[in-house]
Amino acid sequence: MTISMDDSRPIFLQIAERIENDIIEGRLPEESQVPSTNQFASFYQINPATVMKGVNLLVDQEILYKKRGIGMFVATGVRAKIMDKRKEQFYEQYIVSMVKEAEKLGITADQLTEMIKRGDKGQ
Amino acid sequence: MSLAVEINGLSKSYGKVKAVDNVSFSLEEGKIYGLLGRNGAGKTTVMHMITAQLFATSGQLKVFGEEPYENDKVLSQICFIKESQKYPDNFRVADVLDVSRLFFPNWDREFADSLVQDFKLPLKRRVKKLSRGMLSSVGIIVGLASRAPLTIFDEPYLGLDAVARSLFYDRLLADYAEYPRTIVLSTHLIDEVSQLLEHVLVIDNGKLILNEESDALRGRACSVAGFASQVENFLEGKTVIHREPFAGLASATILGHLSAQDRKRASDLGLEITPVSLQQMIIYLTNGKIDGEAAIAR
Amino acid sequence: MNRVAGIIRTHLTDRWSWLFLPWIVLLSSFVCNLIIATAGDEIYTGGLASIFIYMMVIGIVSVGQTFPFLIGFGARRKDYFLGTTATIGIIGIASSFILLLMGYIETRSEGWGLKLHFFDLPYISDGNVLARVWVLFNFMLHFFFLGFVISCIHRKFGRNGLYILFILSGIIITVSLYLINSYGSWDAIFDWFADISAAQLASGMFVVTLVYVILSYLMLRRATV
């Protein structure tokens, strides 16, 4: 198996996330063509219907659009849109729980900021 | 959408033993199904009845809208590759492929030849002299190249190594994409095939206990862990499929989605919530014996 | 009809069992007899029976091997049955003509120059060409279906079915022999056989074969794999 999926979450969501990641990280520039359902299916060894569901999710959110007879393309201006969405998720997923944990350990807001700066340098 | 298989209240008894007990389900055309469950759960019996190789004790069974027994129109559209498929002693691999052409109307000779290359099968060797893995490859090749509108694989990869199994999944998906058809994969190696499946049927002790789209099942179960008393407190009113006490601690697996309220409550009780994989969930549902057998089968 | 042809082709794919082995078996028996015949005396031998016994063996073996295989490949039981019957029909007719031809050669060559009577036997070879083919054909068919029906009993009723069959036949044979003995009817039986021709006997056998055929079909209809 090339890159395995997480079997504890719906795979169509993971497909949608991977396409979004590719858009954010520039592997799929705006107005570029997205690999076909069957290409995805054979690359990840997953059911084509599942891939289709993930792709359709992005079509519904107007991140991808369909060109008749050609395939799926990345819409213009969606990179920023996805980034905004992800930033909101980042806040909910990481910041909220981080602050909560920090409170438990008695870390002050200043100390927390300091730690974040240190972590940034460490990279 | 039209149905490839329609089963209603199907039962098969051997004396007092009920091998299949009042099973009902239908298979839509063009989907890949997983028929999962422990060895001896009744999967093979159900498939034998679908293909009219075994007779039901009671219940209705329709394949492509008709009764399959002695029905050429239906039988010629089915390809059932079973673990125990018998071949005449004097048949060589090439003979099996030659004969397949006579029985499967959509047989693709070129595809079969390319699969023979892929699986490195010796065409001139007698089937009787093949290793277990090679014998499985013969079944896989017949099953894929038959392109039967209903193709059923029953534990198709006994004795095959990881590379060959991956090759099977690869060719299956590629050919399915080009020639969509109803495919049933029956297996107890759930983790490997779960991604290929659009829909999952789980049979346990002759009964159908799960019949759902596989993606809808992922994330359906989760585990909570923490102090035993807190865990018990949280579990009230929930469907618990597995419990594991450990000293004063406990971990339990719950079926069903947790609401935001549930999650907050868990967090307040100091419980940790972790997602459970589809495979793990099915193992719990079928009494947790699959894992050991899967390990032996490898 | 297509499927029936498929069954025939599947059977004949096993060229060893259907085309080569019966003749190898028969030829080895023939060669043995030839060697014995060089000793000088005129010999009447029953070596021809080897090919009929072989037919019974293939009747037993072929169901065990081809029935599960072909049903597994989606063949109808009816087609399997018709195809198998057609296969033995074809093989039976072809073999009968070859045996007949060998019989003529044997007569012409005065027993292969050694006064060996292997293919051309008294009683069996009485009558015209058609009668002789009919006799040979029925021997082939009868023994094949005897094997076939035994195998079908095994398939449908398992090993216990066979035990019961053998025990019953044993009892019937013993009782008949006892009755014939005690009534001293052996002469009457021999007379009866002497009165009917080989062709008539073959026709009688044909009726028995038909009974085997019908019984096997009824059993295969509900046999599982």
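Table: residues versus (1) away from chain A (no Cβ under 14 Å); (2) touching a residue at least 24 places away in the same chain (Cβ under 8 Å).
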| residue | (1), (2) |
| --- | --- |
| B:GLU192 | no, yes |
| B:GLY206 | yes, yes |
| B:GLU213 | no, no |
| B:LEU249 | yes, yes |
Tell me yes or no: at least one residue of the stretch C:176-191 is within 20 Å of the chain's Cα centre (by Cα) and free of Cβ contacts under 8 Å to residues at least 40 places away in the same chain.
no
Among the residues of the stretch C:77-90, is there at least one that is surrounded by 18 or more Cβ atoms within 10 Å (Cβ to Cβ), under 19 Å from the mean Cα position of the chain (by Cα) and more than 14 Å from every other protein chain (Cβ to nearest Cβ)?
yes
Filter pass, C:ILE8 being aliphatic (A, V, I, L, M) and closer than 30 Å to B:LEU75 by Cα:
yes
Restricting the search to the stretch B:1-32, which residues are free of Cβ contacts under 8 Å to residues at least 24 places away in the same chain and more than 29 Å from A:VAL51 (Cβ to Cβ)?
B:TYR14, B:GLY15, B:LYS16, B:VAL17
Name the single residue that is farthest from the other protein chains (Cβ to nearest Cβ) among those in the stretch B:255-293 being closer than 19 Å to A:ASP7 by Cβ, in a helix (DSSP H, G or I) and at pLDDT 85 or above.
B:LEU285
Residue within the stretch A:31-41 that is within 14 Å of chain B (Cβ to nearest Cβ), in contact with a strand residue (DSSP E or B) (Cβ under 9 Å, 6 or more places away or on another chain) and not in a loop (DSSP other than H, G, I, E, B) present
yes
Meets criteria (part of a loop (DSSP other than H, G, I, E, B) and either modelled with pLDDT of 90 or more or more than 20 Å from B:ILE32 (Cα to Cα) (or both)) for B:HIS242
no
Give the residue that is nearest to A:ARG86 (Cα to Cα), with candidates limited to residues of the stretch A:25-61 that are aliphatic (A, V, I, L, M) and in contact with a helix residue (DSSP H, G or I) (Cβ under 6 Å, 6 or more places away or on another chain).
A:LEU58
Considering A:ALA16, A:ALA49, which residue is hydrophobic (A, V, I, L, M, F, W, C), within 14 Å of another protein chain (Cβ to nearest Cβ) and touching an Asp or Glu at 6+ places or on another chain (Cβ under 6 Å)?
A:ALA49
Requiring at least 3 residues that are within 8 Å of chain C (Cβ to nearest Cβ), the helices (runs of 4 or more DSSP H) wholly within the stretch B:26-120 are B:93-103
I'm trying to understand the selection: among the residues of the stretch C:100-135, which are among the polar types (S, T, N, Q) and either closer than 22 Å to C:TRP23 by Cα or touching a helix residue (DSSP H, G or I) at 6+ places or on another chain (Cβ under 8 Å) (or both)?
C:THR107, C:SER109, C:SER125
Of (1) closer than 25 Å to B:GLN280 by Cα; (2) within 14 Å of the chain's Cα centre (by Cα); (3) among the small types (Gly, Ala, Ser), A:SER4 satisfies every one except (2)
Odd one out for B:ARG125 among (1) at the interface with chain C (Cβ under 10 Å from one of its Cβ atoms); (2) over 21 Å from B:LEU172 (Cβ atoms); (3) modelled with pLDDT of 95 or more:
(1)
Pairs, first basic (Lys, Arg) in the stretch B:33-52, second assigned to a helix (DSSP H, G or I), C-beta under 8 Å, six or more apart
B:ARG38/B:ILE290; B:ARG38/B:GLU293
Counting only residues that are touching a Lys or Arg at 6+ places or on another chain (Cβ under 9 Å) and among the hydroxyl-bearing types (Ser, Thr, Tyr), the stretch C:48-65 contains a total of 0
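Looking at the stretch A:78-95, is at least one residue of a type in the set (A, V, I, L, M), within 13 Å of another protein chain (Cβ to nearest Cβ) and part of a helix (DSSP H, G or I)?
No, the stretch A:78-95 contains no residue that is of a type in the set (A, V, I, L, M), within 13 Å of another protein chain (Cβ to nearest Cβ) and part of a helix (DSSP H, G or I).
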Please work out which residue is surrounded by the fewest Cβ atoms within 10 Å (Cβ to Cβ), limiting yourself to the stretch B:162-186 and to residues that are within 14 Å of chain A (Cβ to nearest Cβ) and not in a helix (DSSP H, G or I).
B:TYR179
A:ALA49 fails exactly one of the following numbered conditions: (1) more than 28 Å from B:CYS222 (Cα to Cα); (2) assigned to a helix (DSSP H, G or I). What is the number of that condition?
(1)
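The values are calculated or read from the model by the stated rules, or taken from the named source; none is laboratory data. Note that the coordinates shown come from a computational prediction; the quantities given were computed from them, not determined experimentally. FYI the Cβ positions are ideal-geometry reconstructions off the backbone, even for glycines, and counts take in every protein chain you see.
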